[in-house]
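The values are calculated or read from the model by the stated rules, or taken from the named source; none is laboratory data. Everything numeric in this text was worked out from a predicted model, so none of it was measured. Quick reminder, even Gly has a Cβ in these numbers, built from the backbone with ideal geometry, and neighbours come from all protein chains shown. Surface accessibility is based on the protein's heavy atoms, side chains included, excluding ligands, DNA and RNA. Shrake-Rupley method; radii C 1.70, N 1.55, O 1.52, S 1.80 Å.
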Amino acid sequence: MPEQPGAVWIIVEQNGSMLAEVTLELLGKARELAALGGGSHVSAVLLGNNTGILAGELIVHGADKVIFIDDPRLELYQNDTYGLVLTELVKKHRPEIVLFSASYCGSELSATVAAKLETGLAAHCVDLNINDRGELVQVVPAFGGMVLGDIFCPIERPQMASVKPGMFSKPDRDTTRTGEVIKETASILDGYESPLKAVRVVQKQPAGLPLEKAATVVAGGWGVGQDTWPYLNQLAGALSGAVGCTRPALDEGWAEGEHAMIGTSGKTVRPQVYIGFGVSGSTHHIAGMKDSKVIININKDPEAPIFQVSDYGAVVDAKELLPLLLKKIGEHKEK
Amino acid sequence: MNIAVCIKPVPDPGHYHRITIDPATKLLERKGIPTIINPVDKNAVEAALQLKEQLGGKVVLVSMAPPDARETLKEGLAMGADEAYLLSDRAFAGADTLATARVLAAGLKKIGELDLILTGSESADGGTNHIPSQVGELMGFAHLNHVTELSMEASTIKIKTKIENGYVEYQGRLPLALGVAREINTPRYTTLMGVVMAQNKPFTTWGPGDLGLAPANTGLAGSPTQPGDLHMPQHGRRAELLEGAPEDMAGKIVAILRNAGVLA
């Protein structure tokens, strides 16, 4: 049975026992869009094996319905199986809008489903809205975040978008909310054999505070240099924050790993304070940090583009300033 | 082993800060910004050449782009690819990812039997990540994106893809369409000999008629998504420069951190 007109779907990302933060962020945005679209409802689509426990959490975070398939064949994400199942669900229920996370898996899955349905997909949206014609306005970055463009999908349905983690805020839990759980099956997979099989998933949560949860982000770029890099860790420690980096610093191997990279192909952060050292300000990096509350940058080049995205700037070599800053913080704490 | 690599000419990402929007026409101004091969597409060419060196066969390059993309394709030929196909026509302009994938898939089908289609995982300009999956879908090939390792043993292909904080290992069989990530390899440089040899390699240009595509299915007309306004993000910040000797600057930063509530 088709959903009532205007349904907004979000595709759930989970690890079996926990919902990804981005899924909750999408739920919050989906509620806003449903309200703008004339009081339509929000459905969360949950695919997995033994993940039913998450349905309640989806409802208290804003879902009116949870469309749920529990099947051992969906234990691991694969774009072929997930793509087939989701495409069937869309054809059956005909939602107006479908939102995906723009994680590695979500980007791939959204592109797969859009091609199967021959509908439009806007990638890595930084904002979503409904215009006065009732269309989804999808704001996407191009040229590494240098330009933002509005994208519409005027004719085909559903209108589909992917959204990077960290773009929208999470709604509060509301335990008084109630919703409906609709069970569906993955019968489209009966007799289907994947030409590609996921044989192993290896994931390691990085040690320490995740970058996107830190109130203070200490970021390092090319201008820091290998020898000075350990000072960033000390500074982050002193401020109970986390260390992030730019692409060149990651390529040099100074930073801990890909999870520390801030930018269009890395994390989006919006901490209380971002403090950057030796960061020149490529558009890719700026796209990932520009929404931080207070932005401080230290760079010896007064022309560095990063100063245009800073509240405070210090024109000095990061190598010189970092030890002095640590000393001053130490003195302050002793007082 | 017949491998096709889809490559895209893009404005050099090192110059993106020079891109502006014409306030009157609302069109992008990118004068004087050089065009290069989309950086990660070079990793795709390298991966294809390595497989060819191991298993034999042929590497063909395919691009949907304006006629001046000839130079971009020649650079791929100079790296060692065997043939190039430029899919070019005014009717292809303004294509979104699905309309682009349709043209690429039509070209790939016309080229003939293919075992593997490689692309970069994303383009530097649009950055959607859609093309590897959408070309794969339209070709009817299984597909993966963000591939960081790739090896062939007998008839089994082993693949590693990136996920948040980790990776997934896959095993499968050809044919496949794969989007490669920059971690997969270091692309080789072109040599003078390569550049000279590239001049004599087969180069074919096809338009919509050659590909059996109706103009209504290509370019802006064939795109389910349509562009609206462009904006330059307004950051609205003007750095207050901290004066004084470095030690004074450090002191001022401590005060800012205290005011922001991140230093007790």
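Need the failing condition index for residue B:35 against (1) under 19 Å from residue B:179 (Cβ atoms); (2) open to solvent by 40 Å² or more (accessible area, probe 1.4 Å); (3) of a type in the set (S, T, N, Q); (4) under 17 Å from the mean Cα position of the chain (by Cα), just the number.
Going through the list (1) under 19 Å from residue B:179 (Cβ atoms); (2) open to solvent by 40 Å² or more (accessible area, probe 1.4 Å); (3) of a type in the set (S, T, N, Q); (4) under 17 Å from the mean Cα position of the chain (by Cα), residue B:35 breaks only (1).
Do we have residue A:226 as in contact with a strand residue (DSSP E or B) (Cβ under 8 Å, 6 or more places away or on another chain) and loosely packed, with under 15 Cβ neighbours inside 10 Å here?
For residue A:226, the condition - in contact with a strand residue (DSSP E or B) (Cβ under 8 Å, 6 or more places away or on another chain) and loosely packed, with under 15 Cβ neighbours inside 10 Å - is not met.
Take the residues in the range A:269-282 that are under 22 Å from the mean Cα position of the chain (by Cα) and crowded, with 22+ Cβ neighbours inside 10 Å; name whichever of them is nearest to residue B:16 (Cα to Cα).
A:282
Can you name every residue in the range A:112-129 that is more than 7 Å from chain B (Cβ to nearest Cβ) and of a type in the set (A, V, I, L, M)?
The answer is A:113, A:117, A:126, A:128.
Out of everything in the range A:189-204 that is out of contact with any strand residue (DSSP E or B) (no Cβ under 9 Å at 6 or more places or on another chain) and open to solvent by 70 Å² or more (accessible area, probe 1.4 Å), what residue ends up being farthest from the other protein chains (Cβ to nearest Cβ)?
A:190
How many of the residues in the range A:284-335 are under 23 Å from residue A:165 (Cα atoms), among the β-branched types (Val, Ile, Thr) and surrounded by fewer than 22 Cβ atoms within 10 Å (Cβ to Cβ)?
Total meeting the criteria: 1.
Would you mind finding the one in A:150, A:174 that is among the acidic types (Asp, Glu), surrounded by fewer than 16 Cβ atoms within 10 Å (Cβ to Cβ) and within 26 Å of the chain's Cα centre (by Cα)?
From the options A:150, A:174, the qualifying one is A:174.
Across the range A:95-142, what is the total count of residues that are buried (at least 24 other Cβ atoms within 10 Å of the Cβ), in contact with a Cys (Cβ under 8 Å, 6 or more places away or on another chain) and farther than 16 Å from residue B:97 by Cβ?
Final tally of qualifying residues: 1.
Scan the range A:4-40 for residues that are of a type in the set (S, T, N, Q) and either open to solvent by 20 Å² or more (accessible area, probe 1.4 Å) or at pLDDT below 95 (or both) and jot them down.
Correct list: A:4, A:14, A:15, A:17, A:40.
Just one of (1) facing chain A (nearest Cβ under 7 Å); (2) in a strand (DSSP E or B); (3) farther than 30 Å from residue B:27 by Cα trips up residue B:261, so point out which.
Unmet for residue B:261, out of (1) facing chain A (nearest Cβ under 7 Å); (2) in a strand (DSSP E or B); (3) farther than 30 Å from residue B:27 by Cα: (2).
Which of the strands (runs of 3 or more DSSP E) contained wholly in the range B:66-179 include at least 2 residues that are open to solvent by less than 50 Å² (accessible area, probe 1.4 Å) and within 20 Å of residue A:199 (Cβ to Cβ)?
Of the strands (runs of 3 or more DSSP E) lying wholly inside the range B:66-179, those with at least 2 residues that are open to solvent by less than 50 Å² (accessible area, probe 1.4 Å) and within 20 Å of residue A:199 (Cβ to Cβ) span B:142-153, B:156-163, B:166-172.
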